[in-house]
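The values are calculated or read from the model by the stated rules, or taken from the named source; none is laboratory data. Being a predicted model, the structure only gives us computed values, none of them experimental. Note that we place each Cβ from the backbone using ideal geometry, even for glycine, and neighbour counts take in every protein chain shown. Just so you know, the surface numbers come from the protein's heavy atoms only, side chains and all, with ligands and any DNA or RNA stripped out. Shrake-Rupley method; radii C 1.70, N 1.55, O 1.52, S 1.80 Å.
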Amino acid sequence: MTTELLFREDAYLKTASARVLAVDERGIELDRTIFYPLGGGQVGDTGALLRANGERIPITDTRKGEAIDSVLHLPAPAMQRPEPGETVTLEIDWERRYKLMRLHTALHVMSCVVVAPVTGGNIAPEKARLDFDIDMSLLDAERIERETNAMIGRGIETETVWITDEELDARPELVKTMSVQPPRGTGRVRLLRIPGIDLQPCGGTHVRNIAEIGAIRVLKIRSEGRRNRRVEIALAS
Ligand SMILES: [Zn+2]
């Protein structure tokens, strides 16, 4: 079953209402959602579903289902489950999600300071990282922090752009991340554009203006194998 992904058009939605499509041991499927499912290195959202009778069902994680654009909301164990057809109110843990949006957007900016193929990445609420195929001697924590924060300070609005699979095939240089190919199958691919800084396929959640990131700190840089150099960052405040 397909879920309308409301966070794609508006990552700032904190609540919404939705109809329950299916409930089984894998999770709860809804006709629409503001919960981002684990993917592209960004962890799944947490929050709650509120039933009309006032019951609150904590959601501890969100995952992709088997079908394209299907989303599984994972309820806390031993909680009541809603019934298919029921209308529920969705609430995401906004404080946690907003940190993820700020850190995620910060990685886009940092990927333009460290110019090298990206071999992996991860975004959690307290820290985020990118892995680069680059020589260790070219990575200087102080420089990365300073230049990333200088770009953030330009306060640029971010934009979501959609292109067709064919347009993406014609521009392979857009794909920086070697380990994660952009999601395909719907005929179109979503890009994040930070004008003058970055343009790359990404299905994640981002802030509207990079100034919202504030500033970042580089926590550490370490070698993670022959071709992997990991740069880990956190929000400065
Ligand atoms: Zn992104």
How much accessible area per residue does the chain have, in Å², with a 1.4 Å probe? 47
How about K220: which lysines have a C-alpha closer than 28 Å to its C-alpha, ignoring those fewer than 8 places off in the same chain? K99, K127, K176
Apply 1/(1 + (r/R0)^6) to the Cβ-Cβ distance of L219 and R56, taking R0 = 41 Å, and write down the FRET efficiency to the nearest 0.05. 0.70
Return the FRET efficiency for the residue pair R26, T160: r is the Cβ-Cβ distance, R0 is 30 Å, and the value is rounded to the nearest 0.05. 0.55
Counting all C-alpha pairs of the chain, share separated by more than 21 Å (%): 58
Each residue of the stretch 218-230 in turn: what ³J(HN,Hα) in whole Hz from Karplus with 6.51, -1.76, 1.60 and θ = phi - 60°, glycine and Pro shown as x? 8, 7, 6, 10, 8, 7, 10, x, 4, 10, 10, 10, 9
Would you mind computing, in nm to one decimal, how far apart the modelled labels at A78 and R8 are, each placed 7 Å from Cα along Cα→Cβ? 3.8
List the lysines whose Cα sits under 20 Å from the Cα of K64, skipping any in the same chain fewer than 8 residues away. K14
Environment charge of N228, counting only residues whose C-beta is closer than 11 Å and scoring Lys/Arg +1, Asp/Glu -1: +3
Taking the mean number of other Cβ atoms within 10 Å as a proxy for protection, how do you rank 101-108, 154-161 from highest to lowest? 101-108, 154-161
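Between R227 and T186, what length in nm is gained on full extension when 0.36 nm per residue of separation is reduced by their alpha carbon distance?
11.5 nm
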Probe 1.4 Å, all protein chains in place: accessible area of S17 in Å², nearest 10? 60
Please identify the GluC sites (Glu not before Pro) of the stretch 7-61 that satisfy two criteria: DSSP loop assignment and at most 11 other Cβ atoms within 10 Å. Which are they? E25
Given a 1.4 angstrom probe, I'd like the percentage of the accessible area of the chain that is carbon and sulfur, rounded to a whole number. 50
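Multiply the residue gap between A141 and S17 by 0.36 nm, knock off their C-alpha separation, and tell me the result in nm, one decimal place.
40.2 nm
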Helix 94-110 vs. the chain, principal-axis angle (Cα, 0 to 90°, nearest 10): 30
Largest-first ranking of D69, D45 by accessible area, probe 1.4 Å, whole protein assembly kept, is D69, D45
